[in-house]
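The values are calculated or read from the model by the stated rules, or taken from the named source; none is laboratory data. Note that this is a predicted model, so its numbers are computed, not measured. Don't worry about glycine lacking a Cβ; one is built from the backbone with ideal geometry, like all the others, and counts go over all protein chains shown.
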Amino acid sequence: MTKNRGLFFTIDGLFALIFISLLIFSFNMSTTTNTNNDLEKIIITSKISDLLITSQILEIENLKELENNYNKMFENKGYININSKIKEINTKTINEKQLISQSIKYINSSNKEIYIEIGVYY
Amino acid sequence: MILALKSSKAQVMILDILILLVICILLINIEFQEVNNYKTRIENDLNNLELLEKEIIVEQLITDCKYLATLNKTTNMCSKNKIEIKNITQITVDFQKICLLKIDSKEVIKNTKNKIINTIIKRAVVNNNNFKIIEVGFCD
């Protein structure tokens, strides 16, 4: 027993080192992915808010016009909703799992309440 | 008998030294990987920060009346995303990294001679009561 003690201790040490380094490695990797993801979210959110604000300024009420504007800004799959009329856009695009959506409600010049919602998958 | 015991002790010692060497090599390798990984992470974070800075600059262009945003005369406030083509010199002075500014296909600023455009940021705006895409290009 005493003959092999040194050998067993080194193997234990080896396992501990491998375990610790794997932990550090995985921790570092997850932080990087989060930063990229957050930045992508910020960029998409600002573009959605652009579409909503411009729609309010121009009093866009028809889906086709908003769809054209959406396509100028995004290639991603998404949807638009104007007063409960919903249209899905770029449905052929795949590999997008998360969704960011924003909405706006305003009263236009003809005193009509308009609700617009835009969702983008990424 | 004594000779056999000594030889087995020596074998264990050699094995121990070998394992220690393996551990040292592995440790150095892991440290190198960690350092490289850290460097990549820092570079990536710096790139992200740079991109975020550019996003903020473009946001300022379309929000601030000092640049492109239109002044709402009734409220005396700047209308976000409603722009006019104005203060171009001010933009080039304040943001020297901007080398291209396009509103739809019309080039408002073009200073790309001997320069490579790194990033182009696209935003949606209203200009002359029409929906338009503004593209801002950044060069080093």
TODO: List every residue pair whose Cβ atoms sit under 9 Å apart, with the two residues 6 or more apart in sequence or on different chains, where the first one lies in the range A:37-48 and is under 13 Å from B:Arg123 (Cα atoms) and more than 10 Å from every other protein chain (Cβ to nearest Cβ) and the second, anywhere, is among the hydroxyl-bearing types (Ser, Thr, Tyr) and buried (at least 16 other Cβ atoms within 10 Å of the Cβ).
DONE: A:Ile44/A:Tyr122
TODO: Identify all residues within the range B:128-138 that are over 11 Å from A:Met73 (Cα atoms) and within 10 Å of chain A (Cβ to nearest Cβ); write none if there are none.
DONE: B:Asn129, B:Asn130, B:Phe131
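Yes/no per residue for (1) over 12 Å from the mean Cα position of the chain (by Cα); (2) under 30 Å from B:Asn47 (Cβ atoms); (3) at the interface with chain B (Cβ under 10 Å from one of its Cβ atoms); (4) among the small types (Gly, Ala, Ser):
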position: A:Lys64; (1), (2), (3), (4): yes, no, no, no
position: A:Asn69; (1), (2), (3), (4): yes, yes, yes, no
position: A:Ile89; (1), (2), (3), (4): yes, yes, no, no
position: A:Ile104; (1), (2), (3), (4): yes, no, no, no
position: A:Ile114; (1), (2), (3), (4): yes, no, no, no
TODO: List the strands (runs of 3 or more DSSP E) that sit entirely inside the range B:20-135 and contain at least 3 residues that are surrounded by fewer than 16 Cβ atoms within 10 Å (Cβ to Cβ).
DONE: B:106-110, B:117-127
Open item on the list: For the list (1) closer than 23 Å to A:Ile60 by Cα; (2) within 14 Å of chain A (Cβ to nearest Cβ), I need the number of the one condition that B:Thr74 fails.
Closed with: (2)
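Conditions (1) more than 14 Å from chain A (Cβ to nearest Cβ); (2) touching a strand residue (DSSP E or B) at 6+ places or on another chain (Cβ under 7 Å); (3) farther than 21 Å from A:Ile43 by Cα, marked per residue:
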| residue | (1), (2), (3) |
| --- | --- |
| B:Leu27 | no, no, yes |
| B:Glu43 | no, no, no |
| B:Leu51 | no, yes, no |
| B:Lys54 | no, yes, no |
| B:Gln90 | yes, no, yes |
TODO: For the range A:6-17, indicate whether the set of residues that are of a type outside the set (Val, Ile, Thr), touching an Asp or Glu at 6+ places or on another chain (Cβ under 9 Å) and at pLDDT 70 or above is non-empty.
DONE: no
- [ ] Determine which single condition A:Asn28 fails, assuming it passes every other condition in (1) more than 24 Å from B:Glu55 (Cβ to Cβ); (2) at pLDDT 95 or above.
- [x] (2)
Task: Residues located in the range A:77-122, provided they are in a loop (DSSP other than H, G, I, E, B) and surrounded by 19 or more Cβ atoms within 10 Å (Cβ to Cβ) - done: A:Lys77
- [ ] Would you check which residues across the range B:93-116 are under 24 Å from the mean Cα position of the chain (by Cα) and closer than 26 Å to A:Ser49 by Cα and list them?
- [x] B:Asp94, B:Phe95, B:Lys97, B:Ile98, B:Cys99, B:Leu100, B:Leu101, B:Lys102, B:Ile103, B:Ile109
